[in-house]
Amino acid sequence: MKIYLDSALFGALLAFVTMGGSQAAELYYIECGRELFPTSVRVIAEFEAAHPNVTVNTEAVPWETCENRVMKLAAADNPASLAYVSSRTLKQLASTNLIVPIDISVEQQAAYQPRVLGTVAFGGKFWGLPHAFSTQAMFINKGM
């Protein structure tokens, strides 16, 4: 799964370059969290080395303010080029037509448990790739 997620970020970066041709480009990447994942730093560095005409500006935004920042930028018609956000944010962006859906092949879908894949589904479409999901748990206080 790690290789796939690395490839997903690299692929998303490459999609922007492909759409823009060979012109110099500047992309803006927001990652929710106090700092960028080491994997993100590595993938972006590799991408920039392979595409010297593209600069990826990054910003790590604490989770407690990140969703609001991403939504405000999108609503102001100044969205991030790429963003690592909660699935809840994806649904809000999708329901207000601020993002477009992505295609996830049947093979890629098979790599996820259906409920995990459902976290990025809305209105019969996929709006992002699941990543860093958590497992819910119940505990029992035997002393009660």
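Here are the numbers for this structure:
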item	result
Filter result (assigned to a loop (DSSP other than H, G, I, E, B) and surrounded by 13 or more Cβ atoms within 10 Å (Cβ to Cβ)) within the stretch 108-127	A111, Y112, W127
Which listed residue, of R42, R34, is more than 22 Å from A121 (Cβ to Cβ), at pLDDT 90 or above, in a helix (DSSP H, G or I) and open to solvent by 30 Å² or more (accessible area, probe 1.4 Å)	R42
Subset tally (residues that are open to solvent by 60 Å² or more (accessible area, probe 1.4 Å) and either farther than 26 Å from A94 by Cβ or not hydrophobic (A, V, I, L, M, F, W, C) (or both)) for the stretch 58-73	6
Index of the failed condition, V100 passing every other in (1) of a type in the set (A, V, I, L, M); (2) in a helix (DSSP H, G or I); (3) open to solvent by 60 Å² or more (accessible area, probe 1.4 Å)	(2)
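Quick grid of which residues meet (1) of a type in the set (G, A, S); (2) on the phi > 0 side of the Ramachandran plot; (3) touching a residue at least 24 places away in the same chain (Cβ under 8 Å):
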position: E46; (1), (2), (3): no, no, yes
position: T58; (1), (2), (3): no, no, yes
position: L82; (1), (2), (3): no, no, yes
position: L90; (1), (2), (3): no, no, yes
position: S95; (1), (2), (3): yes, no, yes
position: Q113; (1), (2), (3): no, no, no
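The values are calculated or read from the model by the stated rules, or taken from the named source; none is laboratory data. Nothing here was measured: the structure is a model prediction, and the numbers come from that model. Heads up, the Cβs are rebuilt from the backbone with ideal geometry, glycines too, and the neighbour counts pull from every protein chain shown. We work out accessible area using only protein heavy atoms, side chains counted, and drop any ligands, DNA or RNA first. Shrake-Rupley method; radii C 1.70, N 1.55, O 1.52, S 1.80 Å.
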